[in-house]
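Reading through the structure tokens given below for one structure.
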Amino acid sequence: MQSGSGRAAALTYNQVVVDNVDQLFSGLADPTRRDILRRCAIDAPSVTRLAEAYPMSFAAVQKHVAVLERAGLVAKERRGRETLVHTEAAAVAQARRALDELEDLWRGRVARMSEVLSEQGNPQ
Amino acid sequence: MTVTNVDKDLDACTLTITAEFDAPLERVWELWADPRKLERWWGPPSYPATFERFEFEPGGTVTYFMTSPEGERFYGLWRVVAVDPPRSLDVEDSFADADGNVNPDMPTGQMHMRLTEEDGRTRMELISVNETKEAMQQLLDMGAAEGMQQAIGQMDALLAE
């Protein structure tokens, strides 16, 4: 019984992990959003100040910030009448790690390909 | 050293890996085109891959599963976009179920593979675009163990209350 419930819980956990990574990448998949990330890593500008930096409407910039926030790439903080936005460094690092893991996976595959080739080259 | 170059573009979510093999091009191609050879390297030793349906032609479907140490199967599916033997292969790689249906909730990645031969050695260039699936498979594998422990820990804590 316990292993059954544990498994269900683990699958839920996996789904959360998967959703996060997917959102991370969609968060990063737009040049404006990447620029917002850079700005908010150096400084914690208000949404108003951010909106002034781009040739688009306040609503459009707000939407980009919302996508980044859902992906956990930025966090908003209320300061008086302003909403300040800052980059979550850990989430950016997580996206980088996902690519590093992909690299490890392919390095492993290439090593195994070489092994199979060398066996074929020198049949026992 | 068979991997000669790795390029990771975080903005484009792209990994480009270049490898050189001390073997003629046809033999490297066989590693992709022969499912029995493909399954010897596609999955890590702890998650060996088994290929089932193998329609290695444009528009064709290739299905496989990877088996966890506990015997659990993780299904995957390739849609073959283009294949030009013995030089190039483009596929879309998705999560699937046991019946070969793509899981629409999971991201699909693209894989472009090119082979070139020079002086009896073969260069393989592999571009993995927006390929979160592979990275996630590993996260899944890690998450399965960590998540399980965490979940059991949480249940124990709840039961102790």
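Assorted remarks:
- In the range A:33-53, the residues that are away from chain B (no Cβ under 14 Å), of a type in the set (G, A, S) and either surrounded by 14 or more Cβ atoms within 10 Å (Cβ to Cβ) or closer than 12 Å to A:A75 by Cα (or both): A:A44, A:S46, A:A51
- Residues in the range B:4-22 include none that are of a type in the set (A, V, I, L, M), more than 28 Å from A:G27 (Cβ to Cβ) and touching a Leu at 6+ places or on another chain (Cβ under 6 Å).
- Residue pairs whose Cβ atoms lie under 7 Å apart, separated by 6 or more positions or on different chains, with the first residue in the range A:57-72 and within 14 Å of A:L84 (Cα to Cα) and the second among the hydroxyl-bearing types (S, T, Y) and at pLDDT 90 or above, are A:V61/A:Y54.
- Any hit, the range B:131-148, residues being surrounded by fewer than 17 Cβ atoms within 10 Å (Cβ to Cβ) and modelled with pLDDT of 90 or more: no
- Test: residue in the range B:15-36 that is within 30 Å of A:R38 (Cβ to Cβ) and more than 8 Å from every other protein chain (Cβ to nearest Cβ): yes
- Among the conditions (1) at pLDDT 70 or above; (2) assigned to a helix (DSSP H, G or I); (3) of a type in the set (K, R), the only one that A:R7 does not satisfy is (1).
- The range A:95-124, subset modelled with pLDDT under 70 and in contact with a helix residue (DSSP H, G or I) (Cβ under 6 Å, 6 or more places away or on another chain), residue nearest to the other protein chains (Cβ to nearest Cβ): A:A98
- The requirement of being over 11 Å from the mean Cα position of the chain (by Cα), surrounded by fewer than 13 Cβ atoms within 10 Å (Cβ to Cβ) and within 21 Å of B:V102 (Cβ to Cβ) is not satisfied by B:E55.
- Spans of strands (runs of 3 or more DSSP E) in the range B:1-93 with at least 3 residues under 20 Å from B:S128 (Cα atoms): B:3-9, B:14-21, B:61-67, B:73-84
The values are calculated or read from the model by the stated rules, or taken from the named source; none is laboratory data. For clarity, every value in this text was computed on a predicted model and none was experimentally measured. Every residue, glycine as well, gets a Cβ built from its backbone with ideal geometry; the counts of neighbours run over all protein chains shown.
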